[in-house]
Amino acid sequence: PYDQLSTFEAVVLDASGAVTGFDDLVWTTDGSTWTETGESFESDGLDVGTQTITVVASLPDGTVLRSSVGGVKVQHPNTGTYVGNLAVDLAGEFNEFPINAACIGSAIMTVDAYGETAVGDSKCVVSLLGFSTEALHVFDFAVEDSSVAGDVALDLSFFQLDFEVEGSLGGETLTAEWATDYGGFLTIDGSLDLVRVTTEVYETE
């Protein structure tokens, strides 16, 4: 996992298959300038990406032993694509006329390889003041440990709103809630309830 300690271990065997105890080993990766030495150690220095890790042993007699492991994928434990439901309730009063509406739709968000940002969007149809319109929500969150916080941009065609959101991330789920007031006549309460479906990251439209 990115930015977390992982254990690396390699041993040099003699011709009979016995462990020699030779520990002058050099480790490198083709994904960055990361390098370490020794037959066993812990490191959190690998950068994100899919890479090949190579360990080289230069024996006293001039023999060079080399072993590589490819396809090593390094990313934050929370990285991936999350999908689920968006639920929004609108309530208020305009010219003494009660306003009540709901907007429920699917949502998709991605957490980047470094586990620092979560972005995505959701679309649903809402009926408000006699009109039906598509509501587009665009999410832009910063991630810190198991918390997410950021902004939601709501586009209802005839007006737009930006408001702050807080939520949580971890255990394969991403959840968030928000509430805002528009012009003193309309309150908007929303929530996200998403589940990670893959550790891959796909671009959202």
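The values are calculated or read from the model by the stated rules, or taken from the named source; none is laboratory data. The model shown is predicted, which means the values in this text are computed figures rather than measured ones. Methodologically, a virtual Cβ is constructed for each residue, glycine included, from the backbone with ideal geometry; neighbour enumeration extends over all protein chains shown.
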- Task: Go through ASP151, ASP121 for me and flag whichever is in contact with an Asp or Glu (Cβ under 6 Å, 6 or more places away or on another chain) and on the phi < 0 side of the Ramachandran plot.
- Result: ASP151
- Note on the structure: Expected output for segment 164-178 (first residue closer than 18 Å to HIS76 by Cβ and assigned by TED's automatic domain parsing to the domain that holds ALA149, partner at pLDDT below 95 and charged (D, E, K, R), Cβ below 9 Å, 6+ apart or cross-chain) is GLY167/GLU177; LEU169/ASP145; GLY170/ASP145
- Within segment 28-68, which residues are on the phi > 0 side of the Ramachandran plot and either in contact (Cβ under 8 Å) with a residue 40 or more places away in the chain or in contact with a helix residue (DSSP H, G or I) (Cβ under 9 Å, 6 or more places away or on another chain) (or both)? GLY49
- Taking the condition loosely packed, with under 11 Cβ neighbours inside 10 Å and assigned by TED's automatic domain parsing to the domain that holds ASP189, does ASN95 pass? yes
- Message: I'd like to know if segment 146-159 contains one or more residues that are among the hydroxyl-bearing types (Ser, Thr, Tyr), assigned to a strand (DSSP E or B) and either under 12 Å from the mean Cα position of the chain (by Cα) or farther than 15 Å from VAL88 by Cα (or both).
- Response: yes
- Item | Matching residues in segment 67-114 - criterion: being of a type in the set (A, V, I, L, M) and under 30 Å from GLY49 (Cα atoms) | VAL69, VAL72, VAL74, VAL83, ALA107, ILE108, MET109, VAL111, ALA113
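Each row is one residue, and each column tells you yes or no for (1) surrounded by 16 or more Cβ atoms within 10 Å (Cβ to Cβ); (2) of a type in the set (Lys, Arg); (3) in a strand (DSSP E or B).
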| site | (1), (2), (3) |
| --- | --- |
| SER68 | no, no, yes |
| LYS73 | no, yes, yes |
| THR81 | yes, no, yes |
| ALA91 | no, no, yes |
| ALA101 | yes, no, yes |
| ILE108 | yes, no, yes |
| ALA113 | yes, no, no |
| GLY120 | yes, no, yes |
| VAL125 | no, no, yes |
